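Coordinate-derived values only; no laboratory data. This one's a predicted model, so the numbers in the text were calculated from it and none came from an experiment. Here the Cβ positions follow ideal geometry from the backbone for every residue, glycine too, while neighbour counts run over all protein chains shown.
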Ligand SMILES: C[S@@+](CC[C@H](N)C(=O)[O-])C[C@H]1O[C@@H](n2cnc3c(N)ncnc32)[C@H](O)[C@@H]1O
């Protein structure tokens, strides 16, 4: 997948006249800080840092959120949000994914405590064809102290919980659920720590009666036990500048993410299919799928070529699909 053409054009316009050398140094610094668990308030200090972040990280976070919103639409085709809250919005990657998935969205509110990221988000959005994105309301706030007061049909927390200590992460996802009238989408890095955040939300919000729409095929205890973790992947094309800034050779990257979608009652129908939890393993005469089932079990299932209808179906399936 590629980021939207308008977003690419907006990033290119922001790059005009900016020397790539210092930007690459910023990108390396930010990436090493994020790897060590340092949050955006230290990593992103000014507009150059924000641009380096937008070029190197936001295509991947856009791709992950886009993937998750596609799952939301598959599981709840009639869900058509009018209002959205992008909490910890950064440069607005999730907001762009929201307008792609739900082009009829009427209003978006972005909340973040990092002004350079908010400002770049505003600049990039001016190139969007979506009026909701161009006119997105912005709130500069620390979400652990002060939340937006208006609820929204769709609330997204994308790659935010990872930056917070457990008690603050918990109060934020609880508050985000309180602000949501339709669906709450959580997306975190596809690492054991990222999955830990997702499991914690699953336990607390699910335990409190929030309906889990995806990826889980059931509402019971998660069968994926450490050292294993539930995660998915989205392949995203790299732009030339992205390759330069990341000193990368490959023309794409695979973003690994964990996620959870909670919905209010009217948007919920129980899952009847199993979900594929890893890249299908294709051999000469068989395909092996790692599946999570509606009865709350998970296992490996091998489908042989001699079972023609199932084999043909399995061959078309990808990591993250329902089968
Ligand atoms: C890794 S970035 C992710 C940005 C964006 N959601 C994305 O997916 O690309 C994390 C964002 O969360 C914001 N953030 C973290 N803790 C916050 C808090 N307590 N209040 C407001 N924003 C916060 C940071 O400023 C940063 O913009």
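Data for the structure
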quantity: Stretch gain in nm, segment residue 141-residue 28, where the contour uses 0.36 nm per residue and the Cα spacing is subtracted; calculated: 38.0 nm
quantity: Tail fraction, Cα-Cα pairs, the chain, threshold 34 Å, whole percent; calculated: 22 percent
quantity: Footprinting exposure proxy for 273, 253 (fewest neighbouring C-beta atoms within 10 Å first); calculated: 273, 253
quantity: Average projection area in nm² (convex hull over Cα atoms of the stretch 275-315, one quarter of hull surface); calculated: 2.8 nm²
quantity: Stretchable slack from residue 226 to residue 307, in nm (0.36 nm times residue separation minus alpha-carbon distance); calculated: 25.8 nm
quantity: Ranking of 293, 231, 104 by count of other Cβ atoms within 10 Å, fewest first; calculated: 104, 293, 231
quantity: Residues 240, 284, 264, sorted so that the one with the fewest Cβ neighbours within 10 Å comes first; calculated: 284, 240, 264
quantity: Gaussian network model of the chain, springs between alpha carbon atoms under 10 Å - residue of 69, 277, 225 with greatest fluctuation; calculated: 225
quantity: C-alpha long axis of helix 20-35 to longest principal axis of the chain, angle in °; calculated: 50 degrees
quantity: Bins of 10 Å, starting at 0 and running to the largest distance - Cα pair percent for the stretch 232-288; calculated: 16, 27, 29, 21, 7
quantity: Burial ranking of peptide ranges 129-135, 79-85 (average Cβ count within 10 Å, highest at the top); calculated: 79-85, 129-135
quantity: For the stretch 108-251: rounded, prolate or oblate by the Cα gyration tensor [a/c cutoff 1.5]; calculated: oblate
quantity: Rounded to 10°, Cα long-axis angle of helix 115-125 versus longest principal axis of the chain; calculated: 80 degrees
quantity: Per principal axis, descending, Cα span of the stretch 1-129 in whole Å; calculated: 47, 31, 26
quantity: Rounded tilt (10° steps) of 192-201 against the dominant C-alpha axis of the chain; calculated: 80 degrees
quantity: Linear extension gain, residue 282 paired with residue 5, 0.36 nm per residue minus alpha-carbon span; calculated: 96.3 nm
quantity: Fraction of antiparallel bridges per DSSP, the chain only, in percent to nearest 5; calculated: 60 percent
